[in-house]
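Since the structure comes first, as structure tokens, the remarks are kept for the end.
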Amino acid sequence: MFFIEPVVTCLSPNVHYMVCEAGFEIKENHVINSILSDRGEIRWRVITEHIRYRDSGQTLEYINSVRSLGPICECVHLHLQSLTIEQLEDRFMLWFQWTNCSEIFLEMLQTIKDPDATAVALNLMKLTSCLERALGDVFLLIGKECPFLLRDLLASQELATVFGQSVMDVLRVFIGSPDGLNLRNILWHGFASPQEIPVKYFSMLLFLTAGLGQLLRNYLLISLTTLVHRPYIIFTSLEDLHIFPDVNQELLSLAEELVMKSSIVLRNMVPFWVTALASFRQSRFADCVILLLPQLESGLRLLFTTVNKCPSRLMTAESSSLYTTFDEMLAKQFNSEETNQLPLLLGEPAMEFLWDFLNHQEGPRVRDHLSHGENSLNDFPREIANCVLAFSITLLCRFSEDEIGPIKSHTLLEPLMNCGSHYCSKFHPATQLKKQILECIRSINTWTDLPAVPEEQIQEIAGLRKDVDFPCTSVIADIFTQLQPYLPQNIRLFVDSVNSLPTEKLLTELCGKHIPVLFCPRMVLEIIVVLRQISTQCHQVSCQVISTCEARYKQWVNKSLRSRQRNNYLCMRRNIRFLSPVLQVILILITLELISIYTVCEKNVSDYQQYLKFLKLILQYTENLVTYTSPEKNKWNETMTLTGKALLKIRTFLGKQLALVQLVEYQPEEI
């Protein structure tokens with residue numbers, strides 16, 4: 001893919017004027033003493049006087065406010081530059097403590113002393129992230145649910161109560177509206193290059209953050225309240241993120257060459273890429289990802305606007321329309337009805353990776369967490385940085401000039417490209433359901449290892465016979481017969497051998513079958529939600545059985561069980577022999593339903609509703625099972641009565657053949 005005209009800027013003319021020119025038009029000299037008192041207190045009145053309004057003070061005039069604030073920003077910047085690092089720390093660190101990341105702000109202050117354009121842009125992204133998180137903590141002093149979007153947070157009455165409306169208007173000019181400078185969004189969404197961000201705005205935001213700390217101190221003293229910081233979100237399931245080989249020094253060197261040759265890297269954005277690679281080398285993993293994500297968005301936007309023939313959308317939109325961001329680029333359609341060609345260009349593996357890391361609720365959601373300040377920047381996992389960087393390298397390689405053939409064929413790139421081309425979603429709800437099913441069957445399989453009372457110790461107990469059979473054995477046999485056509489041909493289900501059946505291997509094989517997860521229809525997702533609830537309840541039953549069996553066995557050995565408890569324990573031990581195959585049947589059933597789910601949803605709505613009703617009946621059974629098998633209830637006779645009724649309903653439904661589609665093309669590996 002070739003892009004004929006080189007892109008000079010991704011800022012539209014109006015946005016470019018606002019950011020790069022408006023604040024430089026008025027030539028005024030301000031002295032710092034008019035803005036900062038001898039005691040180091042920021043004179044907010046002097047700053048807020050430069051905010052302009054129209055409509056009798058109700059509506060912000062952003063462009064005139066930027067013009068008027070320009071000289072103030074220049075004065076603040078020159079003052080901060082004139083101070084030594086020791087003076088900066090001495091005068092401002094106290095006022096950054098309210099952000100809960102004062103050491104990061106100290107690094108930002110050091111950037112001002114010798115400003116590099118890329119470092120300024122990086123630190124401005126970190127500043128907006130940390131500031132948003134801290135403002136959210138302040139919001140919760142009064143409010144109950146913090147707004148997700150920064151613009152809504154800055155416009156909230158709660159923050160206006162703490163800091164004052166005019167102070168919040170100052171912040172809105174800098175980072176809270178597409179009509180203003182909008183520094184946060186044009187950087188985080190990959191529109192602004194390093195050279196397009198005036199350093200004086202970065203200095204001013206640092207200065208304002210310290211001033212907010214001073215105002216907050218006064219509010220806390222008057223209100224007799226304490227600011228509580230929310231804990232950071234910690235990435236889990238890092239073991240699922242060992243996707244690509246480790247990016248080593250040689251791969252980083254190859255990546256540097258690819259950056260210079262790739263057609264998805266805009267020339268004015270090269271410094272961001274170079275600094276991202278350097279950050280990874282220095283184990284500054286948060287910095288690496290903060291720099292890479294906007295550039296991935298920028299590069300994909302270049303592809304998006306090319307394949308969809310909408311070149312004007314490469315630039316920032318005006319306030320009257322939406323930016324072209326990840327949300328739209330990763331969607332099935334754009335402009336409400338047109339088919340998005342980008343997914344076809346990237347392919348399913350790349351699309352599933354992007355959805356996994358950016359969108360799926362149980363995935364890392366890296367951009368959301370980082371940009372909203374929800375992660376600790378000092379403890380960012382290398383695993384995530386490695387994944388994002390490795391994936392970025394695969395895109396650089398795929399969309400690069402033909403003359404770099406020797407680089408593309410490098411032996412180190414081959415395993416990276418292979419992993420990228422075979423990626424399958426790990427965090428889609430359907431994938432998470434498969435994971436739940438396998439965890440559940442492993443738990444049930446441990447029942448056979450539970451400690452049991454030796455037969456010679458069991459006395460004949462009134463109402464309990466060891467040789468009693470489960471009355472619904474024939475129903476299970478019928479269900480096995482109904483399920484058999486949908487299983488691998490080398491698996492046969494028999495009631496008398498179900499406990500020895502390699503169910504885990506069977507489910508592993510079934511769960512290994514690929515199902516399309518990209519752009520799942522709403523009906524599919526609704527069904528998956530119910531299937532996951534069923535699986536969760538089954539796992540809870542298994543955990544309760546294990547816990548109760550172990551506890552009761554210890555009490556049996558210690559002879560601390562009363563007569564009724566002994567009866568109940570022996571009843572439970574007998575009945576779990578029958579409950580185990582029932583739970584295994586349910587797991588097999590929901591796995592097959594997951595595989596055939598698209599066919600069901602392609603049928604008419606009536607079939608879908610009947611199918612969903614059937615699943616909710618199973619869910620209700622498993623929920624009741626959790627209640628009856630809990631240590632508090634421990635009602636095993638009722639459990640088996642309930643199970644018998646549920647099995648009859650399952651057999652009846654399967655007899656109508658509404659749910660499943662025979663896996664004609666399924667060629668299983670030998671178990």
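With all protein chains present, how much of the accessible area of the range 13-223 (probe radius 1.4 Å) comes from carbon and sulfur, to the nearest whole percent? Walk me through the numbers on the way to the answer.
Values: 4020 of 8420 Å².
Here carbon and sulfur together make up 48 percent of the probe-accessible area.
Ignoring ligands, DNA and RNA, what percent of the accessible area of the range 240-422 is carbon or sulfur (1.4 Å)?
C and S fraction of accessible area: 51 percent.
Distance from the Cα centre of the range 617-639 to that of the range 56-117, in angstrom?
Each part's Cα centre sits 61 Å from the other's.
Run through the range 328-400 and list the trypsin sites (Lys or Arg not before Pro) located in a DSSP loop whose Cβ has at most 13 other Cβ atoms within 10 Å.
Loop-located and lightly packed - Lys332.
If Trp556, Trp355, Trp273 are ordered by their accessible area, calculated over protein heavy atoms with a 1.4 Å probe, which sequence runs from highest to lowest?
Trp355, Trp556, Trp273
Greater than 22 Å separation of Cα atoms is the criterion. Which listed pairs, Lys434/Lys656; Lys513/Lys645; Lys27/Lys200; Lys434/Lys635, meet it?
Lys434/Lys656; Lys513/Lys645; Lys434/Lys635
For Ser400, enumerate residues with amide H under 5 Å from its amide H, sequence gap 5+ or separate chain, H modeled in the peptide plane.
So Ser400 has HN proximity to Ser263.
Leaving ligands, DNA and RNA out of it, rank His242, His189 by accessible area with a 1.4 Å probe, largest first. All intermediate terms of the calculation are to be shown ahead of the outcome.
On the way: His242 135, His189 30 Å².
Ranked from most to least accessible, the order is His242, His189.
Assign unit charges at the C-beta atoms only (+1 for Lys and Arg, -1 for Asp and Glu), then state the dipole size of the chain relative to its Cα centre in Debye, rounded to the nearest 20.
For the chain, the charge dipole is close to 2460 debye.
Of the trypsin sites (Lys or Arg not before Pro) in the range 567-597, which ones lie in a loop per DSSP and count no more than 15 other C-beta atoms within 10 Å?
none
Using the beta-carbon distance between Thr48 and Ile233 and R0 = 41 Å, what value does 1/(1 + (r/R0)^6) give for FRET efficiency, to the nearest 0.05?
The formula returns an efficiency of 0.75 here.
Are there any helices in the chain, counted as whole DSSP H runs, that stretch 30 Å or more along their axis by Cα and score at least -0.5 on average by Kyte-Doolittle, and if so which?
Within the chain the helices that satisfy the rule are 117-139, 199-223, 285-307, 522-557, 563-595, 605-628, 636-656.
Can you list the residues, at least 5 places off or on another chain, whose amide H is less than 5 Å from the amide H of Tyr53, using H built in the peptide plane?
Distant-sequence amide H within range of Tyr53: Glu61.
Send over a whole-number figure in Å² for the accessible area per residue of the chain, probe 1.4 Å. Spell out each step's value before the answer.
Working: 30070 Å² over 671 residues.
With the other protein chains kept in place, the chain gives 45 Å² per residue.
Show the residues, 5+ positions off or on another chain, whose built amide H is closer than 5 Å to the amide H of Leu36.
It is Arg43, by chain and number.
Could you list the GluC sites (Glu not before Pro) in the range 252-359 that lie in coil according to DSSP, counting only those with at most 15 other Cβ atoms within 10 Å of their Cβ?
Filter output for the range 252-359: Glu318, Glu337.
The values are calculated or read from the model by the stated rules, or taken from the named source; none is laboratory data. These numbers come from a predicted model, not from an experiment. Cβ: placed from backbone, ideal geometry, glycine included. Neighbour counts: every protein chain shown. SASA here: full protein model, heavy atoms, side chains in, ligands and nucleic acids out. Shrake-Rupley method; radii C 1.70, N 1.55, O 1.52, S 1.80 Å.
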